[in-house]
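Below: the structure, in structure tokens.
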Amino acid sequence: MTGSADDVLFATEVVEELRAVHSEIAALQAKEVELMTLLYQVRRAEQLDLGVGELYAGEDAATEIGIALKVSQRSADGLIGLGLGLEHRYPHTREAFAAGRIDLSQVRAISDTLTNAPEDMLAELEPRLADYAEKAEPQRIRRTGRRWMLEADPEGQALRRKEAEAERFVSVRAADNGTAELEGVLTAHGGRTLYERLREMAVTECCGSDPRTMNQRRADALVALADGSGRLICQCGKADCPRLPTEPVPAPRKTLVQVGVSAETLAGLQDNPALLSGFGAIDADLARQLARLAKIELIPENPTAGMTSESAGKPSESAGEIFESAGRTSDAPGQSSTAERIYRPSARLTARVRALDGTCRAPGCQVPAADTDLDHQDRFDHHNPDTGGPTTESNLGARCRRHHRLKTLADNGANRWQITHHPDRVVEWRTPSGDSTTTTPEGTPFLFPSVPVPPVTAAGVPDVQPTGSLLDPGPLVNELMDLVQAYCTPSQRRAHRRARHNM
Ligand SMILES: [Zn+2]
Ligand SMILES: [Zn+2]
């Protein structure tokens, strides 16, 4: 297709305008980063004055930004870090960014590349790289920057490598649609080792009829290494598959996950969504797959379920459970008023509060409740437990370390946050600048739909794992049946529960 001279001219104008808009956005991004950094510095100064430690002063600025802009605290953290770098280490980059000559991705490439550069090298290379960045995309900035650093100081490279290696990490976080995202920095050798092993497993442990792509096999291989089985199992489904293991494969180890799922769904009678702690809602099939590998502990949704004949007549209302596959033991159910005056909650109450809250209760925080502290919302009084906040379900909330610190500082009047607890576990977070947001619990009982979803067969969607029998028969199935069958009496349930605790 050939365009007329007018079309060519028009397209050229469009590109020109695009360039101008991109530059404006970049300049505004620079402004945004600068303002976030400024807020951090203001909060930090305030808190240092109030005696908050160097390590943590100002850290809640990112939470405050998250509430104000509806962005993740993680992204605010990243931009504040970048802003501090621009201010203290990368003045030329900062100037080019503010003028809209380079954009955020290019700035990140410069900052990442020069992270471990010593001051004298920085003085020479940072202006050059900032110039170069105006004509190069992020990938090329990184490559060129690394080469320049190596040329400038070949001996120092070993040292910088060690420093870079010291930053190694692996993180796993929840992503969309029940997947997880893995991110990390390894040593070059470690990275090679891992990749070679995954490739080898993907190629040698599955035959040509395995339906998975190489990408999928490598991803599954990593999990197989982590779960201790160490072996991919070919999914061609043929009994005479040439790649079937010749020696017994160790059973996958049980991981610590909390899943909230209705008994009916677990038993395959319904397909209600379930809740995976830290991930949110997952589909019924995935919940059942997890259940197959799990060591299961039942925590009834309603703590008094099974205690009254009324609830026994309405089985679906008491059918939410948490199974927790690392098998924590529970102590006896029920709270006495003595327990309310003891600071540390019982294992049973801890599990219950974590099941209710699902994740850390701070806005936008994704830390799974299993990894949180249980915080007394009204402060516990160690000197006089009768007058302070009690150790009860309604007075305990899940908070990650960082947001536990935020709450403690708020209690001490050291950061001017106001955290208010409303009925039904609604928590209101008011920032020092007056923005406010409320969070509702995301635990099992709150995400369960009350309308049953009939079982569906997902035609054309191949299962990740071959579907075997749903659950091993045994006490667990008996117990599930107790929960889903209407004729089960409360005393039968109690008897079952007693029998299980005595096992
Ligand atoms: Zn095969
Ligand atoms: Zn948190």
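Karplus-based coupling profile of region 149-166, in residue order and whole Hz: 4, 5, 5, 5, 7, x, 5, x, 4, 4, 5, 5, 4, 4, 5, 5, 5, 5, with θ = phi - 60° in 6.51 cos²θ - 1.76 cosθ + 1.60 and x standing for Gly or Pro.
Extension gain for the segment residue 209 to residue 338, taken as residue separation times 0.36 nm less the Cα-Cα distance, is 40.2 nm to one decimal. Overall size of region 5-166 from C-alpha positions, given as principal axis extents largest first: 69, 46, 22 Å. Spin-label model, residue 411/residue 435: points 7 Å from Cα along the beta carbon direction are separated by 2.6 nm.
On a 32 Å Cα-Cα criterion, which of the cross-link pairs 70/162; 31/162; 70/407 come out too long? Checking Cα-Cα distances, 70/162; 31/162 exceed 32 Å. In this structure, residue 167 and residue 387 have a Cβ-Cβ separation that, at R0 = 45 Å, corresponds to a calculated FRET efficiency of about 0.40.
Note on region 168-253: dipole from Cβ charges, positive end direction compared against 241, 186, 230; the farthest Cα belongs to 186.
For residue 14 and residue 424, what does the FRET efficiency come to when R0 = 60 Å and r is the distance between their Cβ atoms, rounded to the nearest 0.05? Intermediate results must be reported in sequence, preceding the final value.
Values: r = 53 Å, r/R0 = 0.89.
Efficiency for this residue pair is about 0.65.
In this rough spin-label picture, where each label sits 7 Å from Cα along the Cβ direction, the residue 25-residue 371 distance is 3.1 nm.
Positive-end ranking of 99, 76, 123 along the dipole of region 1-134, with charges on Cβ about the Cα centre, is headed by 76.
Which whole-number value in Å² is the accessible area per residue of region 5-166, probe 1.4 Å? Present the calculation step by step, with values, prior to reporting the outcome.
Details: 9170 Å² over 162 residues.
Value returned for region 5-166: 57 Å² of accessible area per residue.
The values are calculated or read from the model by the stated rules, or taken from the named source; none is laboratory data. Everything numeric here is computed off the predicted structure, so don't read it as measured data. FYI the Cβ positions are ideal-geometry reconstructions off the backbone, even for glycines, and counts take in every protein chain you see. Just so you know, the surface numbers come from the protein's heavy atoms only, side chains and all, with ligands and any DNA or RNA stripped out. Shrake-Rupley method; radii C 1.70, N 1.55, O 1.52, S 1.80 Å.
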